[in-house]
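Visitor: The structure's right below; bear with me while I get my questions together.
Derivation of every value follows stated rules applied to the coordinates shown; laboratory data play no part. Computed from a predicted structure; not experimentally measured. Using ideal geometry, Cβ is built from the backbone for each residue, glycine included, and neighbour counts are taken over all protein chains shown.
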2 protein chains.
Amino acid sequence: MNYRDRLDIIADVLNVARQNPRKTQIMYGANLSYKVLQKYLAEVIDASLVSFDCARQFYTLTVKGERFLRTYEEYSKVNKVFEKHLNLVQAKRSKLEGLCAGNCH
Amino acid sequence: MNYRDRLDIIADVLNVARQNPRKTQIMYGANLSYKVLQKYLAEVIDASLVSFDCARQFYTLTVKGERFLRTYEEYSKVNKVFEKHLNLVQAKRSKLEGLCAGNCH
């Protein structure tokens, strides 16, 4: 995948959170700038996908976070099949477009 | 299908053309207004998908037109699978969106 959308980034953050990381470990593990990390950390904590252990200063994946990752895995699978079919549909369409192009084309 | 795009309409015109119809028969068979029919007839004749028998005043599907219809059938099949997967992907995405919505939502 070249371009990560919001859900992909959240999944990356949660995957790193499985190892009870500190903030900088999430930043490097999920390959995010500090500014972007701050935004996503606030979001995943607000959504109770990740919790912060104040005493030991690390982040933990919650049960809800685990559920998100399971759903994300299912989503990735159907999305791959979807993209394969999108390519097939586009190939058939361009074949049809070619067939109904005028003779002067 | 509720909305027909250009390729769907061409396929409808060609399907009617299989029966060597006159112009009005294509108009009713493909469910088109006279004005729209004129546009599509010009297009399919220009692309050699349909030919016009001047002596007997009817239209005929060409070999290239048959090829278009076969390709269109294949396209319809992959498009159906594609749409099913599109629905699946959207359902999974909205489940994920729900999971990462903040607690105040």
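Visitor: Tell me which of these B:Leu7 doesn't satisfy, since it passes every other one: (1) under 21 Å from A:Gly98 (Cα atoms); (2) in contact with a Ser or Thr (Cβ under 9 Å, 6 or more places away or on another chain); (3) buried (at least 19 other Cβ atoms within 10 Å of the Cβ); (4) facing chain A (nearest Cβ under 10 Å).
Guide: (2)
Visitor: Here is a follow-up. Within segment B:55-101, how many residues turn out to be at the interface with another protein chain (Cβ under 7 Å from one of its Cβ atoms), surrounded by 18 or more Cβ atoms within 10 Å (Cβ to Cβ) and not in a helix (DSSP H, G or I)?
Guide: Going through segment B:55-101 one residue at a time, the tally reaches 1.
Visitor: Would you check which residues across segment B:50-78 are aliphatic (A, V, I, L, M), farther than 12 Å from B:Leu14 by Cβ and in contact with a helix residue (DSSP H, G or I) (Cβ under 9 Å, 6 or more places away or on another chain) and list them?
Guide: Within segment B:50-78, B:Val78 is the sole residue that qualifies.
Visitor: Which condition number does A:Lys80 fail, the rest of (1) farther than 22 Å from B:Ser94 by Cβ; (2) of a type outside the set (S, T, N, Q); (3) out of contact with any Leu (no Cβ under 8 Å at 6 or more places or on another chain) being met?
Guide: If we test A:Lys80 against (1) farther than 22 Å from B:Ser94 by Cβ; (2) of a type outside the set (S, T, N, Q); (3) out of contact with any Leu (no Cβ under 8 Å at 6 or more places or on another chain), just (1) comes out false.
Visitor: Moving to a separate point now. Looking at A:Glu43 and the list (1) away from every other protein chain (no Cβ under 13 Å); (2) surrounded by 18 or more Cβ atoms within 10 Å (Cβ to Cβ), which single condition is not satisfied?
Guide: A:Glu43 satisfies all of (1) away from every other protein chain (no Cβ under 13 Å); (2) surrounded by 18 or more Cβ atoms within 10 Å (Cβ to Cβ) except (1).
Visitor: Within the bounds of segment B:19-40, is there any residue that is touching a residue at least 12 places away in the same chain (Cβ under 8 Å), within 7 Å of another protein chain (Cβ to nearest Cβ) and surrounded by fewer than 17 Cβ atoms within 10 Å (Cβ to Cβ)?
Guide: No, because not a single residue in segment B:19-40 is touching a residue at least 12 places away in the same chain (Cβ under 8 Å), within 7 Å of another protein chain (Cβ to nearest Cβ) and surrounded by fewer than 17 Cβ atoms within 10 Å (Cβ to Cβ).
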